[in-house]
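See below for the structure under consideration.
The values are calculated or read from the model by the stated rules, or taken from the named source; none is laboratory data. Everything quoted here is computed from the prediction, not taken from an experiment. Ideal geometry is used to build each Cβ from the backbone, glycine not excepted, and the neighbour counts take in all protein chains shown.
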Amino acid sequence: MIAQYMGQKNGREVSRGFFVNLFLAVLLAAVFTGICIAFPGQIMGVYTRDAVTRRIASGYLGIIAFSYIPIAVSTLLSTLLRCMEAASLPLYASIFGAVVNTGLNYVLIFGKLGFPELGVTGAALATVISQTACFLLTMVLFYACYQKQEFRMEPVFCLDSVGRKQYLGILLPILMCELFWSFGENVYTAIYGNIGTVDCAAMTLTLPVQALTIGALNGLAQAAAILIGKALGSGEDERAYQESKKLMRYGFGGSLLLSALLLLAGNAYVKIYQVEAPVRVLAYQILIVFAIISPIKVQNMILGGGILRSGGKTKYVMAVDGEHWSSGRRENIKNTYNKYKKY
């Protein structure tokens, strides 16, 4: 929404796109914050039946929930900054947040520099503080960048009947798509937490690598949404089409390179951890499978998360993800559950 109206140089609609989405984002964040604070034990009970683990995880969730609203606002501000062609500023804020988080983790988890040793509670506090610091820095950087812009924003939340239809037509498919996708991921996580220590530990070992690999190329999907959206908004359809093909090529080449590195270094990576041999073997097998599917996953991110959405075709993405859920994921979850339910 913001990118297309930026391309049209329509400041009022840029304001509307930003503030309407900001309101919805904060609303959703507030709802999940309230749920996680009120029912942390019940939520964590879905993921593990171990009483000690559930108690520790519940305490962590009850604290980290306070970071949801700062994350929501930072995300929207970062999107607006990228649409204003100031993509480096969210990067600086993210780096700052990561440095603060790492430092506070060391201090609060292990009780350094005179602070008490808080363990998991310290990790949660470090996340909340670092996300809040990232949010505040993003706001400062946004204000500095905004002062140099030609257009001026005003809080616009009202929508006429045409606007409501347009926004709901774009937003609802995205919300439904992400909701069901997240639900599927959470079902997998619940299964991993209940099928056994080896399986859960092996998957946990691979998560940092998966996050780094996908995160490194996720920027292409965000770039696609902004670059193509601005081109479409300014009526340059051919440029949007060429940009789409270029970003897909970049994504495919980058994912192939990272997959090759992962296949070469995967075995060395799992040996870093002091775990049992079966855990290392299973973790390496998971990394191999991830390396094989990574190029396809990245293309889906760029096509669905960037290109199609930038043109407002969110229903197409929802339809594809819905088919993926109904034909594949649901059956995989059912089979995995039946296999391990005796545990």
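Okay, here's what the table says:
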| item | result |
| --- | --- |
| Residue within the range 154-177 that is part of a loop (DSSP other than H, G, I, E, B) and among the charged types (D, E, K, R) present | yes |
| Count - residues of the range 62-86 that are under 18 Å from the mean Cα position of the chain (by Cα) and without any contact (Cβ under 8 Å) to a residue 40 or more places away in the chain | 2 |
| Helices (runs of 4 or more DSSP H) contained in the range 221-326 and holding at least 3 residues among the aromatic types (Phe, Trp, Tyr) and at pLDDT 80 or above | 237-270 |
| The listed residue being without any contact (Cβ under 8 Å) to a residue 40 or more places away in the chain and either surrounded by 15 or more Cβ atoms within 10 Å (Cβ to Cβ) or in contact with a strand residue (DSSP E or B) (Cβ under 9 Å, 6 or more places away or on another chain) (or both), out of Thr213, Thr204 | Thr204 |
| Of residues in the range 137-188 being among the small types (Gly, Ala, Ser) and free of Cβ contacts under 8 Å to residues at least 24 places away in the same chain, the one farthest from Val46 (Cα to Cα) | Ala144 |
| Residues that are within 30 Å of Ile109 (Cβ to Cβ) and surrounded by 15 or more Cβ atoms within 10 Å (Cβ to Cβ), drawn from the range 140-186 | Leu141 |
| Per-region count, the range 1-24, residues within 20 Å of the chain's Cα centre (by Cα), assigned to a helix (DSSP H, G or I) and buried (at least 18 other Cβ atoms within 10 Å of the Cβ) | 5 |
| Candidate set: the range 206-234, residues that are over 15 Å from Ala291 (Cβ atoms) and among the β-branched types (Val, Ile, Thr); chosen: the one nearest to the chain's Cα centre (by Cα) | Ile226 |
| Flag for Ala93 being among the aliphatic types (A, V, I, L, M) and in contact with a Ser or Thr (Cβ under 6 Å, 6 or more places away or on another chain) | yes |
